[in-house]
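Here the structure comes first, spelled out in structure tokens, and everything after it is commentary.
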């Protein structure tokens, strides 16, 4: 409970057997009300001795980022935090998220990184914003790494979510008119394993570019939106 509001955390984990327990314990040390771990690891993380307070949901196979949103619907919090599994929260991180959310005039979805849209090239025509380098919320086209929102933005039909880039589908197709911001935050660390994620995968980068270009041409360009 924080500022009189209940908070749920929902983490999708794939492997991370060496770090996920420490990440979960760090989240449990924060003023949250529940923690769901969505285990999409092949064979499951059965060797991990989960501490009390964790709801461990195991999938027999990885069906992609649909799992994050599907399990988020089972939470009870007024606010939901959906962090990547390689983000280590430091003391006070949840308060930073709440403060950042409160500082945004038009409530929507906030994160700790983001990009603004100014053209059809995902990297060349978008501006990157990082939470640790700003002093006030910055409006963006989509945000990521750690999401924070109220329950208004977690309920939607997952049937058409056919791509692995849940940030673009969720934020840009399902809720294109919702405000997105990167908020100032320093109380978290990206674990070394983040250097092996989709962001560094060249094939994934090409697929993301194709997806983003279609999104730009079908919505943002036609509507004149730059966010």
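The values are calculated or read from the model by the stated rules, or taken from the named source; none is laboratory data. Predicted, not measured: the structure shown is a model, and the values here were computed from it. A quick note on method: Cβ atoms are made from the backbone with ideal geometry, for glycine too, and the neighbour counts reach across all protein chains shown.
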Q.
Can you tell me which residue is nearest to the chain's Cα centre (by Cα) among those in segment 112-125 that are assigned to a loop (DSSP other than H, G, I, E, B) and buried (at least 20 other Cβ atoms within 10 Å of the Cβ)?
A. 112
Q: Would you point out the residue of segment 147-167, among those that are under 16 Å from residue 115 (Cα atoms) and in contact with a strand residue (DSSP E or B) (Cβ under 6 Å, 6 or more places away or on another chain), that is surrounded by the most Cβ atoms within 10 Å (Cβ to Cβ)?
A: 147
Q) So, of the residues in segment 127-146 that are touching a helix residue (DSSP H, G or I) at 6+ places or on another chain (Cβ under 8 Å) and closer than 17 Å to residue 176 by Cα, which turns out to be surrounded by the most Cβ atoms within 10 Å (Cβ to Cβ)? A) 143
Q | Some residue of segment 33-55 being surrounded by fewer than 19 Cβ atoms within 10 Å (Cβ to Cβ) and within 29 Å of residue 138 (Cβ to Cβ) | A | yes
Q.
Tell me whether segment 59-66 contains one or more residues that are under 19 Å from the mean Cα position of the chain (by Cα), more than 11 Å from residue 183 (Cα to Cα) and at pLDDT 95 or above.
A. no
